[in-house]
Amino acid sequence: MRRFALAAIFCCACGDNKPNAATHPDQPITRTTTAAALDSLPRLDVTDGRLVCLAVGQAPCPTTAVTANWLRDGKYATWEFHRPIEIWTPNKTDPEFLGSVGDAANQYDVVLSVAETQTGFTVISYTNKMTIQFDRAGRYLTSLPLPPVSTTHNRGYSGDVSFYQLIREGGQDSAAIFEVRTTIDPGDTVGHSLINVPLPWLRLHDGRPMNQMPLFPTLPSYAFAPDSDIVWASGDTIAAERRSSTGALRWKLTSDVPGPVITPAALKVLRDKLAQDDKAKLAGFDSSAARTGKSYPAVTGLFVAPDGRVVLVGPQVPVRDSTDFLVLDKTGLPAGRFAMPNRTRPLLFAGDSILVHRAGANAQPELRWLVLKTH
């Protein structure tokens, strides 16, 4: 359960701080698409763009499960557990480091989120349950206690928008509720609700699941645009919408197109990876499989470019070696599709390019911008 709750925070670090080329229509745009229309979209070529860094020991470069967030003026931050936060600036080869790793009040080790604000930088540190403030030169300012973070209550930043994500009880014998609120700062637990949807596959009591989880639970995916609009997708079908910070609809794309069908072969691949003499794990897997629907989630992640374009991330299917991505223009119109290997992790979307973490030269991890081009 924890990995799904945290994934929603890590996936949505895709905002920016100032509106760029994104504009809003005079009236809300609503449109419907079909499987045939999506299949007819142009396939985009994914080609190598600028290499940011290669983890060969000569320069700092992420090595494992890296996360990223847009900062200001085209800068972005990357971080991973137990390593310093890195601030990357366009046209500069090496990053600047923010703070240091440790367990003191002015340090971090396990980081949930990083943002650049009006006064400097804010780090949400899970290690010491603090929000740590640095000035614009990266000097430590202060630390404030962080409200409890758990598998069902998380907080973070998308660009410089502070948000609070929670999964709460929906009432006796009712589905749990997935909610996202914009907040004044990470310490705010009230905020303004923007997403409030049930999770049919989950029941909670005292913050704990009351039922066996399906193998592929569907969670909403979301990200904040440069002007604090939210773009989100429910995940069960290929659909998305953009709303203002007050809830006004900008555009909405709907469809009844589900994710790929879950086949017995895919379930067998996963089951065969378990220790076959561990009866408890096998029984748990079988119980989860029995609660699993017929299709994978249609959308498992979402990125918003500074200019308002959107990328929807499809599911990773055990019997496939690649993941499908759908590009929407700034009004929500499907504009193209592309695929990338499952081991290529997208981090940020810039409209015509995408920042990824993947195996590079000699299988060493690299951070690289890839370019999206129409055939």
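For the structure I just gave you, tell me whether P186 is farther than 23 Å from T218 by Cβ, over 15 Å from the mean Cα position of the chain (by Cα), at pLDDT below 90 and outside any strand (DSSP E or B).
Working: farther than 23 Å from T218 by Cβ: yes; over 15 Å from the mean Cα position of the chain (by Cα): yes; at pLDDT below 90: no; outside any strand (DSSP E or B): yes.
Criteria not met by P186.
Say we look at segment 155-202 and pick out the residues that are among the hydroxyl-bearing types (S, T, Y) and farther than 22 Å from V110 by Cβ; which of these is surrounded by the most Cβ atoms within 10 Å (Cβ to Cβ)?
Step one: filter segment 155-202 for residues among the hydroxyl-bearing types (S, T, Y), giving 157-158, 162, 164, 174, 182-183, 189, 193.
Then keep just the ones that are farther than 22 Å from V110 by Cβ; that gives 174, 182, 193.
Values: S174: 12, T182: 19, S193: 13.
Result: T182.
What strands (runs of 3 or more DSSP E) lie completely within segment 257-336 and have 3 or more residues being small (G, A, S)? Break it down into steps so the answer makes sense when it comes.
Numbers: elements: 301-304, 310-313, 322-328.
Filter on segment 257-336 gives an empty set.
Kindly provide the set of residues from segment 279-314 that are out of contact with any strand residue (DSSP E or B) (no Cβ under 8 Å at 6 or more places or on another chain), within 18 Å of I262 (Cα to Cα) and of a type in the set (K, R), ordered by number.
R291
For segment 345-357, does any single residue satisfy the condition of being in a strand (DSSP E or B), under 15 Å from L44 (Cα atoms) and at pLDDT below 95?
Kept after step one, since they are in a strand (DSSP E or B), are these residues of segment 345-357: 345-349, 353-357.
Adding the requirement that they be under 15 Å from L44 (Cα atoms) leaves 349, 353-354.
Filter again for at pLDDT below 95, leaving none.
For segment 345-357, residues in a strand (DSSP E or B), under 15 Å from L44 (Cα atoms) and at pLDDT below 95: absent.
Please name all residue pairs, on different chains or six or more residues apart, with Cβ atoms under 8 Å, provided the first residue is in segment 92-111 and is in contact (Cβ under 8 Å) with a residue 24 or more places away in the chain and the second residue is of a type in the set (A, V, I, L, M, F, W, C) and exposed (fewer than 14 other Cβ atoms within 10 Å of the Cβ).
T93/A59; D94/A59
Within segment 336-375, take every residue that is in contact with an Asp or Glu (Cβ under 8 Å, 6 or more places away or on another chain) and among the β-branched types (V, I, T) and give me the one that is surrounded by the most Cβ atoms within 10 Å (Cβ to Cβ).
The residue in question is V371.
For segment 235-252: of the residues being in contact with an Asp or Glu (Cβ under 9 Å, 6 or more places away or on another chain) and either closer than 19 Å to I177 by Cα or charged (D, E, K, R) (or both), which is surrounded by the most Cβ atoms within 10 Å (Cβ to Cβ)?
Applying the filter and picking the extreme gives R242.
In segment 321-335, what count of residues is obtained for those that are farther than 21 Å from G235 by Cβ, surrounded by 17 or more Cβ atoms within 10 Å (Cβ to Cβ) and not basic (K, R)?
Of the residues in segment 321-335, 1 are farther than 21 Å from G235 by Cβ, surrounded by 17 or more Cβ atoms within 10 Å (Cβ to Cβ) and not basic (K, R).
Of the conditions (1) under 21 Å from the mean Cα position of the chain (by Cα); (2) in a loop (DSSP other than H, G, I, E, B), Q212 satisfies every one except a single condition; which number is it?
(1)
Only one residue in V114, V123, V66 is buried (at least 19 other Cβ atoms within 10 Å of the Cβ), in contact with a His (Cβ under 6 Å, 6 or more places away or on another chain) and either in contact (Cβ under 8 Å) with a residue 24 or more places away in the chain or of a type outside the set (V, I, T) (or both). Which one?
Values: V114 fails: in contact with a His (Cβ under 6 Å, 6 or more places away or on another chain); V123 fails: in contact with a His (Cβ under 6 Å, 6 or more places away or on another chain).
Result of the check over V114, V123, V66: V66.
(1) under 20 Å from V161 (Cα atoms); (2) modelled with pLDDT under 95: which one isn't true of G235, the others all being true?
(1)
For segment 87-144, which residues satisfy the criterion of being among the acidic types (D, E), under 20 Å from L367 (Cβ atoms) and outside any loop (DSSP other than H, G, I, E, B)? Working first, answer last.
The first filter runs over segment 87-144 and keeps only residues among the acidic types (D, E), leaving 94, 96, 103, 109, 116, 135.
Applying the additional criterion that residues be under 20 Å from L367 (Cβ atoms) yields 94, 96, 116.
Correct list: E96, E116.
Return the residue satisfying two criteria in turn: it lies in segment 154-202 and is free of Cβ contacts under 8 Å to residues at least 40 places away in the same chain and among the polar types (S, T, N, Q), and of such residues it is nearest to S288 (Cα to Cα).
Within segment 154-202, the first condition is being free of Cβ contacts under 8 Å to residues at least 40 places away in the same chain, and the residues that meet it are 164, 166, 168-177, 179, 181, 183-184, 188, 190-191, 193, 195-200, 202.
From what's left, among the polar types (S, T, N, Q): 172, 174, 183, 193, 196.
Numbers: Q172: 22, S174: 19, T183: 35, S193: 31, N196: 25 Å.
Top of the filtered list is S174.
Of all residues being in contact with a Pro (Cβ under 9 Å, 6 or more places away or on another chain) and assigned to a strand (DSSP E or B) in segment 189-209, which is farthest from V161 (Cα to Cα)? Just the residue, please. Lay out the reasoning, then the answer.
Start the filter on segment 189-209 by keeping residues that are in contact with a Pro (Cβ under 9 Å, 6 or more places away or on another chain), which leaves 189, 195, 197, 199, 201-203.
Next cut, assigned to a strand (DSSP E or B) only: 195, 197, 199.
Numbers: I195: 15, V197: 21, L199: 25 Å.
Applying the filter and picking the extreme gives L199.
The values are calculated or read from the model by the stated rules, or taken from the named source; none is laboratory data. Predicted model only: the values in this text are computed from it and were never measured. All Cβ positions, glycine included, derive from the backbone under ideal geometry; neighbour counts span all protein chains shown.
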